[in-house]
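Peer 1: Could you have a look at this structure, given as structure tokens, before my questions?
Quick note: the coordinates plus some simple rules give every number you see, no bench work behind them. Computed from a predicted model, the values in this text were never measured in an experiment. Every residue, glycine as well, gets a Cβ built from its backbone with ideal geometry; the counts of neighbours run over all protein chains shown.
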Amino acid sequence: MIGYVTLGTNDLDKARAYYDALLGELGAKRLMELEENGFTLYGVDLTTPSIAITRPFNGEAAQPGNGNMIALQMQEREQVDRFYQKGLALGGTDEGEPGVRGDDGPIAFYAAYFRDPEGNKLCAFRLGPA
């Protein structure tokens, strides 16, 4: 149902470097680049949901939304931990260390939260038991 989500950036080169490295951890790469506005689409292929970064169309400064977040599903808890650590190592900031939210069990929600260098919130999560 979701084709792609978009995050605004004020520093396209810095954002591209951040997401090249971060999303590369998931096997994603740049799939499309439009130089007019800097629209850069990341994904594993053009048939699955993707993430895009771009300068805002209206020319105003990009600002992270209050309550907006992109949640990326991981295959195992260790992948959540690695992705979170990579996000921080690349200049992101902590919004919630990896751990189980709620009860641990068959439908446990294991997640970590961080913001990219421009303040956009990301979540890495794994559903299910350890």
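Peer 1: Tell me the angle of helix 77-89 to the major Cα principal axis of the chain, expressed in degrees between 0 and 90 and rounded to the nearest ten.
Peer 2: Once rounded, one gets 40 degrees.
Peer 1: What is the dipole size for the chain, taken about its Cα centre, with +1 at each Lys and Arg Cβ and -1 at each Asp and Glu Cβ, in debye to the nearest 20?
Peer 2: 120 debye
Peer 1: For residue 39, what residues show an amide H to amide H distance below 5 Å, using hydrogens built from the backbone and excluding near sequence neighbours?
Peer 2: Amide H neighbours of residue 39: 34, 55.
Peer 1: With a sphere of radius 14 Å drawn around the Cβ of residue 81, what net charge do the other residues whose Cβ falls strictly inside it have (Lys, Arg +1; Asp, Glu -1)?
Peer 2: My count for the surroundings of residue 81 gives -1.
Peer 1: Give me the Å³ per residue figure for the convex hull around the C-alpha atoms of the chain.
Peer 2: Once divided by residue count, the hull of the chain is 111 Å³.
Peer 1: Quick one: angle between helix 12-24 and the longest Cα principal axis of the chain, in degrees between 0 and 90, rounded to 10, please.
Peer 2: Helix 12-24 and the main axis of the chain meet at about 30 degrees.
Peer 1: So what is the calculated 222 nm ellipticity per residue for the chain, using -39500 (n - 2.57) for each DSSP H run with n of 4 or more, over all residues, to the nearest 500 deg cm²/dmol?
Peer 2: Mean residue ellipticity, 222 nm, calculated: -6500 deg cm²/dmol.
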